[in-house]
Structures are given as structure tokens and as C-alpha cells.
Amino acid sequence: MINFYQLIYRTLTTFSSKKGEGSKVVPDLATDMGQSNADATVWTFHLKKNIYFSTGAPITSKDVKFGVERAFDPKLAVGAPYARLYLDAPKDYEGPYKSGDLSSIETPDDSTIVFHLNQSVPEFASALTEPVFTPFPDDPDTVTETSVDQKPVSSGPYEVKSYTQGSSIALVRNPYWKASTDSVRKAYPDKIDFTFGVDAATVDQRLISDQGKDVDTISGNSVLPSSLAKLQTPQLKSRVVEGESGCTTYLVMNTTKPGLNNVKVRQAISYAINKQQVVDAAGGNQLATITNTMLPSNTPGYQSFDLYPSKDSKGDPAKAKELLKAAGVSNLSLILDTRETDTMISQSEAIQQALAKVGITVKINQIDAASFYQTIGTTSEQHDMTVTGWCPDWASGSTFLPPLFQGSQIFSQGNSNVAQLNDPAVNAQIEKIEKMTDLTEANKAWSALDKQINELAPTVPLYYAKAVSLVGSNVGGAYSDPQRAGGVNFATVGLLDPSK
């Protein structure tokens, strides 16, 4: 989403487009990274000069405020709910159309905006990269109670020329965007066409063949495992873009379920899983790197550890049986929810086989991919276990561990704490770290908390996904960006020969 989003929208801050700096946050519409008071509860930002919407209207602090206020309307919000989480707003505030002005956002002049927060947030400048902080014009001609992705008013280098739902989007230049105000987006192409719904095997074959207009093409997804062997020729290797996705795939256990409410049982499962077999099912070591931590390795303050070691990461059935015996549990039967795709079914079968070796029976419940996340995110519908993944909104434990493990973030629907972990010590430590104003110390604390949570074994970290994509032979400036799940950063690409 954010890879496409950044082409038409700008926020006060965003992610660097320099290769190797994908996780670094830099100023965008703002002149700098903002100034905060001593406890990071009040943040002030100043806007750059000569910044405009695609309508030709200048972008002011009031537009930023109005865009953020709209994010409180449940019908209009796009992306993570950081505005609702961090801003000092009434609990019943539902945006400008229903509730009017939000007094905790001040605009003393057209270029200054002041945010009053409900807690200390030393990483607030990073939170401003999220779509909920997209400016939107408070103008009678453009105001509409539709989401920014339904009626886009561009602030970036491109605007939407045409859109066919589920099929295509055509972008053309925003004539009012000025490169002098934007150090992130290079905007080399005059137009960009996105096509959706093409079969993945067809995409791979077209890019491998590299014929006609496909020489100007980028794939939005990683290649299929079946295509990897074809990429080894010198001609194709030069067009391969690969790197870490910055995301963790893991087995999550519902800690409220019988058997799984026993930490020793969860630890036994952690020992039993053959991670190498799961990685093989995911496409092999070219598409996945085994991990023993939940936090991705590019997280500031990251520390490596392995609390449930086994030879070659193939599991330790003997240790697992020992823990199950100590727990007094035998003949355990579990249901594993999985997406109805070949790759996910294969990974689930690998888990099923590993747990069978320690006497745990696993039934695989296949769920249509379109409704999978809705199902596992509904506490009344999820079963005992599932394999899923998480990508942080920015490189920090604060956007990874709380959504997955904080008790206060267990919701009946849209629930990301699928383990339903509600551990008092974990909750207290999250609250403590969130109040730290020293980011270096906070980063160390997040990594220590990762280990503390891992001791409770609500999840089994499996692997970091890798992205391997192919670009056409006429595409330049493409590199893998971990902040965009390892995909190509569209902000830097262009055609080597525009005349082709």
C-alpha cells in the first residue's frame, strides 16, 4: 500500500529513498523532524514553502489538521490508527463532519502545526509517516465524506488519471508538485500504469521473456518459488532485485485455549517445530531466513537469541516430549487455521508433521485467502493456532510488540493480538518502555521484552521473508527496500532509455 501511496500523497515525514536507508525517517512536507517538549507530549512542525495539492491550492497546516481529524472518522480512516492512539482527543471524537474541531491540534499560522498527545511519544515523527496523517483540503469544492483512497487529492508528484477497481490505475504527473521541495521522490517517469489481477505465473513468465513493453515493467510481488531456478542465468541475474522484507512469519498459539493456556505446552511446541521444513515449504532459503526472534533483524537495538534451540533448526522432539510430560498433557488435539494457498498449506503440513512426532494431533482448517485475516482477527472465530506474519510500520519494537502482545489491544474484531496474550508483566513493561524519552534505551528495552515474551512462547518465530522480484531490462534505479516489504521502491525507478 505505502509503495503506491507515496507517489500521490505526502506526509510531514516519510521514509528515505536512498538505497540502504529505507528504514530511516526523513522530513517530507515538514522542514525538519519536529521539536518536542521535554516529555515528548507536545510536537511542533513547520511546513516547507511552495507545496501544493494537484488542484493548485497551497498545502497549509490547516489541511494537515483537517486530514488528521478525518482519520478519526471510522468510515474514512486509512492505515494504522496512530492518530487515534496518540492524540489527546475525546473518546467519542469521530472526525470533523460529526464532531467538529479537534482542539489538541493547533495551527497558529498556515505553516505551523502543533500536536498535543495523550502520552509521551518520542517516536512521533516516525508515526507521521503513516497514511492517517495525509493532508486533505478543507475546501467546499473538494471536501467529501469519502476516504482519501476513494477520492484522492494528490500532494505527491503524481495524480490519478483513471481507476478501474480491481483492474488498473493510471498515474500522470501532478503539475503543481515541485521537485525542489521533495528530496525523496525522483519522479522520473511521466506516467505510471498499475495493472492488478494478473496470474503470478504469467507475471513471472512475461518478465523472464522481457518482450515488448514488458522491458519497462516491474513486478509488485516476489517471484514464485517455481521460477527461482530460471533466474540463475547471467542475463536474468542482472535484473533480479532481492532483499529482506523486514517482516516476520510466525506460528501463533491462542493462549486462551485448553492445553495452550499452559506455558509448558507452548514451549514444547516451540521445541518441536522443524523450522527448516517450514522454510522449505515457503520456497527454500532463497525466499526465507530462519529466525528465533519476533523482532526483525533490522530493528534498532535488535539482539539475537534462541531459547528453543535444535540441531540445524529441525526441532527437538525429545525436549518437547519432556515438557509435555511435565505439563501433564497428552493426546492433545489442535486446529490450525491456514490460508487456502499451496504455500501456506505446505507450511501448515510441515507443522502438522512436526507436532505428530511429539503426540500432538493437528487438524488443518483451510480458510479462503480473502477472508483469512478477518477470521483470525475475530476472537470468536479463530481456533487454536495459525501461521501469519507481521511487518512493522517503521523499524521499532513499538510498532511490533504492542500490537501483537499487549493485553489492551485484544479486540473482538480486527484483532492483531491473535495469541490473546494478556500477561501483567508484559503489559507493565510495554507501558514502561512507551514512556521512555531516550530512544536508545527504549530500543534496548524492546529487544529485552522480545526475549521476555519468547519465554512465554505465545508464538514460534519461523522466518524472515525475503523478496525476490524481477524488473524489465529497461528499468533503472530499482532496489529492494525493507520498509516496503522488500519490494522495489517506486520513488527511485525510471527508464534507462525513455525512447523505447
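Key figures for this structure:
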| quantity | calculated |
| --- | --- |
| Filter pass, residue 122 being crowded, with 16+ Cβ neighbours inside 10 Å, outside any strand (DSSP E or B) and modelled with pLDDT under 90 | no |
| Matching residues, the stretch 157-196, being assigned to a loop (DSSP other than H, G, I, E, B), out of contact with any strand residue (DSSP E or B) (no Cβ under 9 Å at 6 or more places or on another chain) and among the small types (Gly, Ala, Ser) | 166 |
| Of all residues making up the stretch 39-57, the number that are part of a strand (DSSP E or B) and modelled with pLDDT under 95 | 0 |
| Which numbered condition residue 389 misses (of (1) part of a strand (DSSP E or B); (2) surrounded by 17 or more Cβ atoms within 10 Å (Cβ to Cβ)) | (2) |
| Pairs where the first residue, in the stretch 271-286, is under 11 Å from residue 314 (Cβ atoms) and among the aliphatic types (A, V, I, L, M) and the second is modelled with pLDDT under 95 and part of a loop (DSSP other than H, G, I, E, B), C-beta under 7 Å, 6+ apart | 279/285 |
| Conditions (1) at pLDDT 95 or above; (2) part of a helix (DSSP H, G or I): number failed by residue 11 | (2) |
| Matching entry among 408, 396, 412 (being surrounded by 16 or more Cβ atoms within 10 Å (Cβ to Cβ) and not β-branched (Val, Ile, Thr)) | 396 |
| Residue in the stretch 14-32 that is farthest from the chain's Cα centre (by Cα), counting only those that are within 13 Å of residue 181 (Cβ to Cβ) and assigned to a loop (DSSP other than H, G, I, E, B) | 31 |
| Identity of the residue in the stretch 160-184, modelled with pLDDT of 95 or more and charged (D, E, K, R), that ends up surrounded by the fewest Cβ atoms within 10 Å (Cβ to Cβ) | 178 |
| Residues of the stretch 467-479 satisfying the condition of being out of contact with any Phe, Trp or Tyr (no Cβ under 8 Å at 6 or more places or on another chain) and either part of a loop (DSSP other than H, G, I, E, B) or closer than 18 Å to residue 232 by Cβ (or both) | 467, 468, 469, 470, 471, 472, 473, 474, 478, 479 |
| Selection count, the stretch 87-118, where residues are out of contact with any helix residue (DSSP H, G or I) (no Cβ under 7 Å at 6 or more places or on another chain), in a loop (DSSP other than H, G, I, E, B) and either under 27 Å from residue 38 (Cβ atoms) or of a type in the set (D, E, K, R) (or both) | 9 |
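Yes/no per residue for (1) modelled with pLDDT of 90 or more; (2) of a type in the set (S, T, N, Q):
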{"position": "17", "(1), (2)": "yes, yes"}
{"position": "29", "(1), (2)": "yes, no"}
{"position": "37", "(1), (2)": "yes, yes"}
{"position": "61", "(1), (2)": "yes, yes"}
{"position": "67", "(1), (2)": "yes, no"}
{"position": "80", "(1), (2)": "no, no"}
{"position": "99", "(1), (2)": "yes, yes"}
{"position": "104", "(1), (2)": "yes, yes"}
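The values are calculated or read from the model by the stated rules, or taken from the named source; none is laboratory data. Keep in mind that this is a model prediction, so the values were computed, not measured. Cβ sites come from the backbone with ideal geometry, for glycine too, and all protein chains shown count toward neighbours.
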